[in-house]
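A short write-up of the structure that comes next.
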Amino acid sequence: MSLDAQGWTLAMMLLSGLGMGLVFDGYRVISNELRFSRWWIPVLDLLYWTAATIIVFRVLFESNDGEVRAYVFLGLLIGICCYFWLFSRPVIALVRWLIRAVRKMLHIGASIFELVIIKPLFLIYRLARVILGFLAALTIFLFKIVLQLTRPLWLLLGWLLGPVLRPLGRLLAPVAVWWDKGKRVRAVGGFFSRLWKRWF
């Protein structure tokens, strides 16, 4: 392998080490901020190292056809050490700031959604309840007025139908006796009688 290829491979491994450190710090800060359960940590660690291995091997394959030499590990180690020495603290601070910014943006978005969507819908619901309650009360009031105005007609109708209803009542008397000695019929009749007295 030529010296240029070795230098290119070493540079790629340095960059890979820096990338591994960057992703590790981001993953560590995010897992701490989101408070993952303890049993998730080994799973996430396994995913991280699997992804890092695959990516490093892919970079190595592109740079020198996958030949593993001592300087490959040396480049990775130097890249990781340089990252943790120079960039770890700023990256951790940046990731934490980004997480806080995202949380604030989500909070602002939720507040805007509540102000623009939820509160108007709640006000419309309360207004609809008030209007429906008013319409129901008005309907009942008008219905009572109509019943009072038509009371003479109902009395006249009852007087005209009296000769027809009395024989019908005598005809239904045996049925009433058969049906629990008239208790249920009297209960229904009492209900309609009370209803008639209340309305008329």
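The values are calculated or read from the model by the stated rules, or taken from the named source; none is laboratory data. In this text, all values refer to a predicted model and were calculated from it rather than measured experimentally. Note that we place each Cβ from the backbone using ideal geometry, even for glycine, and neighbour counts take in every protein chain shown. Note: accessible area is taken over every heavy atom of the protein model, side chains too, but ligands, DNA and RNA are not part of it. Shrake-Rupley method; radii C 1.70, N 1.55, O 1.52, S 1.80 Å.
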One point scatterer per Cα, no solvent, Debye formula: log10 I(q)/I(0) for the range 1-118 at q = 0.11 Å⁻¹ comes out as -0.52
Would you kindly find the accessible area of Thr139, with a 1.4 Å probe and non-protein molecules such as ligands, DNA and RNA excluded, rounding to the nearest 10 Å²? 90
Which whole-number percent of Cα pairs in the range 26-70 have a distance greater than 15 Å? 56
Only Lys, Arg (+1) and Asp, Glu (-1) charged, at Cβ; the range 1-83 dipole about Cα centre in debye: 340
Using each residue's phi in the range 140-146, evaluate 6.51 cos²θ - 1.76 cosθ + 1.60 at θ = phi - 60° and report the 3J(HN,Hα) Karplus result to the nearest Hz, with x for Gly and Pro. 5, 4, 5, 5, 5, 5, 4
Options Ala52, Trp39, Asn64, ranked by Cα towards positive dipole end of the range 21-80, top entry (Cβ charges): Trp39
Accessible area expressed per residue, the range 56-119, with surrounding protein chains retained (probe 1.4 Å, Å²): 77
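Give me the percent of accessible area attributable to carbon and sulfur for the range 1-92, probe 1.4 angstrom.
Values: 4500 of 6260 Å².
The nonpolar share, carbon plus sulfur, comes to 72 percent.
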For the range 2-59, just say rounded, prolate or oblate: build the C-alpha gyration tensor, square-root its eigenvalues into a ≥ b ≥ c, call rounded for a/c under 1.5, and beyond that prolate if a/b exceeds b/c, oblate if not. prolate
Within 11 Å, Cβ to Cβ, of Gly26, how many net charges do the neighbouring residues add up to if Lys/Arg are +1 and Asp/Glu are -1? 0
Compute the separation of the alpha-carbon centres of the range 114-147 and the range 22-81 and state it in Å as a whole number. 63
